[in-house]
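The numbers here are math on the coordinates, done by the rules we state, and not lab data. None of the values given here were measured: they were computed from a predicted structure. Here the Cβ positions follow ideal geometry from the backbone for every residue, glycine too, while neighbour counts run over all protein chains shown.
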Amino acid sequence: MADIAEVLSLRIGSGAAVAAPTSLVTQYGTNAHKSKPYGQDLKRSECPSPVLFTEACGHGELRPWLRPCDKWTCIPCCSWRVETEIKPEIVRGIEWARRKGQTLKFYTFTWKAEDEAAATNKSAAQRRRKDVAHFVQQIRRENGRDSFEYLRVTENHKSGRVHLHMLVVAPFLLQAELSQQWENNTRGAHRVYVEAVGMKCPNCWPGKKATQAEKRKHMIIPPPGKGKCESCGLEPAHDGFTDQDVAKAAAKELGKYLSKSVPVSYLSSKGRRQPIARSKGWLRECKPDQSAQESEPPCNSCHVTHTYRAVWKNEFLAEHLLAAAIAGEILNHTSLCACWPVAPG
């Protein structure tokens, strides 16, 4: 059986060979089939489970491409998406919170091990969605409609139970009161863990074995937080650090949870399964509007924008692709299309 890379270089019919490189290391910033990436100069690691797409031009020709799967559970794709999608959102979240005179906060929610919401099935996902909705609604009733906006990530903990993590734009709320409310809404669940989003002091971080109280003294919380390390006095604003550095630390933490997400980790009100969710306010302020981004320009040859369609997953990929190519189902063998120039030699 031919190697996938060799199969992708075949042009059936005329005998000419045309280069059809994979996009495994191409700079994509959103879904694999979309254009206009956030990180133009970044390189992504090779995806172990690529998806086969066909690219269609205005002449009716098709060309196969391998694109990264972009699944959160795929470590290379998760790392890429965290860097190019989540990190920019966190920077905007920090800036938005600062404009409101608040610090971006990190919330962690858990349930009792025997509680239905701690499981990984569909009914558990629905139960978690309702529990969080009730919690957020109560906060907004008491503090205002825009008092609690968030990006939420689901983690499949090593214990086998599900935890929730949120980046939250909200005013200061007493942790004891939040924990009591969470306990009341979730059948006696454990307390809510809350901390301000910051970066570990590069000069004097005490390490993993330090207590939470010790670690807090070495966390640098950007303004309106203290903006410096309480232990050594390092001030990022005066030493070349930016919100990007703080966002990088937070994004790295979220990335660990996303890579451990479960298939039914979160079930939206519309029945969509996904490990990450955002409130309307967070979407509006922190996530770029994809429709407003620059779209792929029309092709110089056919004068229309090429379209992409997923064909097969990774299983038996080479066999399917070769068979389809021989049958002429993927590559139109009647003529060479000017949209894809012939490779030299």
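Starting from the coordinates of the alpha-carbon atoms of region 92-244, obtain the Kirkwood hydrodynamic radius over all distinct pairs and give the value in Å to one decimal.
Working: mean 1/r = 0.0592 Å⁻¹.
Averaging 1/r across every pair of different Cα atoms and inverting gives 16.9 Å.
What spacing in nm lies between the two simple spin-label points modelled at Thr211 and Ser231, each 7 Å away from Cα in the Cβ direction?
1.4
Pairs of Cα atoms under 8 Å, at least six residues apart: use those to get the relative contact order of region 64-204, whole percent.
Numbers: 182 pairs, mean separation 39.7, N = 141.
Dividing the mean separation by the residue count of region 64-204 yields 28 percent.
What is the sum of charges around Lys280, taking Lys and Arg as +1, Asp and Glu as -1, for the other residues whose C-beta is under 11 Å from the C-beta of Lys280?
+1
List, in the order given, every pair from Lys100/Lys158; Lys87/Lys226; Lys130/Lys200 whose Cα-Cα distance in the structure shown is over 30 Å.
Among Lys100/Lys158; Lys87/Lys226; Lys130/Lys200, the Cα-Cα distance tops 30 Å for Lys100/Lys158; Lys130/Lys200.
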